[in-house]
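A.B. asks: One structure follows; several queries about it will come next.
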Amino acid sequence: MYHELFWISGSPYAWRVQLALEYKGVPYASHRMELAKQEHSSPAFLELNPRGKVPVLKTGGAALYESVAIMAFLDRTYAAVPLFGQTPQEHGRIWQRVNEFENYTRDLLVKVVRPLLRGEATNDPQGMRAASVRAYDALGWIDEALSITPNLADDHITAADIVALPHIQMLCRVSARPEAIEMALGLEDLGARLPALGAWLSRIETIRGYEAAYPPHWRR
């Protein structure tokens, strides 16, 4: 089965799918798109995804978008390395964790990450500090879960870990910027404040495929 992945470096949603592909050992053709050139808005790309978002996984004549949907497709297609569990209980527990992150955590992290990425954070330092408190509080359940099991839903890596990782890594990265420290956002050393989460980040950086999926422009 021949796959083509369309992605943008630094997109947490594309990063999820790349990591799933690499972790499972699924071969694919990589099409890195340039955000600055608006390639995701081109007519050719909009034929693949009319919403103009990455990632898109093209398999034969069919194109699939939305990162978690692509991960679910890959899991059904390549079941030897499961990400969504092997029993009904595991399946339900993993989806519970995925939805907990998507519904109650992700957007609170984005409210810190996005202004820092866009250079808008210093326009409202007080608002950024308030958003940072909410983001930190939202990570509390993750730290608690990781104090019980090595990974978010089980002893081994699952879709829950891959869904959460990119957004948390992005929060760690932007929170170390000088402007974030000057505004006293308090997120520059999450590993010390949330030790179970910090240990998880260190472990997950060693899993199969992590280096291959790491955003290339972050290596500069």
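The values are calculated or read from the model by the stated rules, or taken from the named source; none is laboratory data. Note that the structure is predicted; figures quoted are calculated from it, not measured. Positions of Cβ are backbone-derived with ideal geometry, glycine not excepted, and every protein chain shown enters the neighbour counts. Side chains included, ligands, DNA and RNA excluded: accessible areas come from the protein's heavy atoms. Shrake-Rupley method; radii C 1.70, N 1.55, O 1.52, S 1.80 Å.
A.B. asks: Among the residues that make up the stretch 95-115, is at least one of them more than 20 Å from the chain's Cα centre (by Cα), open to solvent by less than 80 Å² (accessible area, probe 1.4 Å) and farther than 18 Å from Ala176 by Cβ?
C.D. replies: no
A.B. asks: All but one of (1) at pLDDT 95 or above; (2) under 19 Å from the mean Cα position of the chain (by Cα) hold for Gly191, so report the exception by its number.
C.D. replies: (1)
A.B. asks: Could you look through the stretch 24-38, keep only residues that are of a type in the set (Lys, Arg) and open to solvent by 70 Å² or more (accessible area, probe 1.4 Å), and pick out the one that is modelled with the highest pLDDT?
C.D. replies: Filtering first and then ranking leaves Arg32.
A.B. asks: Which one of these does Met128 not meet: (1) over 24 Å from Glu66 (Cβ atoms); (2) at pLDDT below 95; (3) of a type outside the set (Ser, Thr, Tyr)?
C.D. replies: For Met128, the failing item is (2).
A.B. asks: Filter the stretch 124-160 down to the residues that are part of a loop (DSSP other than H, G, I, E, B) and hydroxyl-bearing (Ser, Thr, Tyr), then identify the one that is least open to solvent (accessible area, probe 1.4 Å).
C.D. replies: Thr158
A.B. asks: For Ser175, work out the one condition from (1) among the hydroxyl-bearing types (Ser, Thr, Tyr); (2) within 14 Å of Arg97 (Cα to Cα); (3) under 17 Å from the mean Cα position of the chain (by Cα) it doesn't fulfil.
C.D. replies: Tallying (1) among the hydroxyl-bearing types (Ser, Thr, Tyr); (2) within 14 Å of Arg97 (Cα to Cα); (3) under 17 Å from the mean Cα position of the chain (by Cα), Ser175 fails exactly one: (2).
A.B. asks: Hey, does the stretch 62-85 have a residue that's open to solvent by 40 Å² or more (accessible area, probe 1.4 Å), outside any loop (DSSP other than H, G, I, E, B) and within 18 Å of Pro216 (Cβ to Cβ)?
C.D. replies: no
A.B. asks: List the pairs whose first member sits in the stretch 178-207 and is within 14 Å of Met128 (Cβ to Cβ), whose second member is open to solvent by less than 80 Å² (accessible area, probe 1.4 Å) and part of a loop (DSSP other than H, G, I, E, B), and whose Cβ atoms are under 8 Å apart, counting only residues at least 6 apart or on separate chains?
C.D. replies: Filtered contacts from the stretch 178-207: Ala180/Leu187; Glu188/Ala176.
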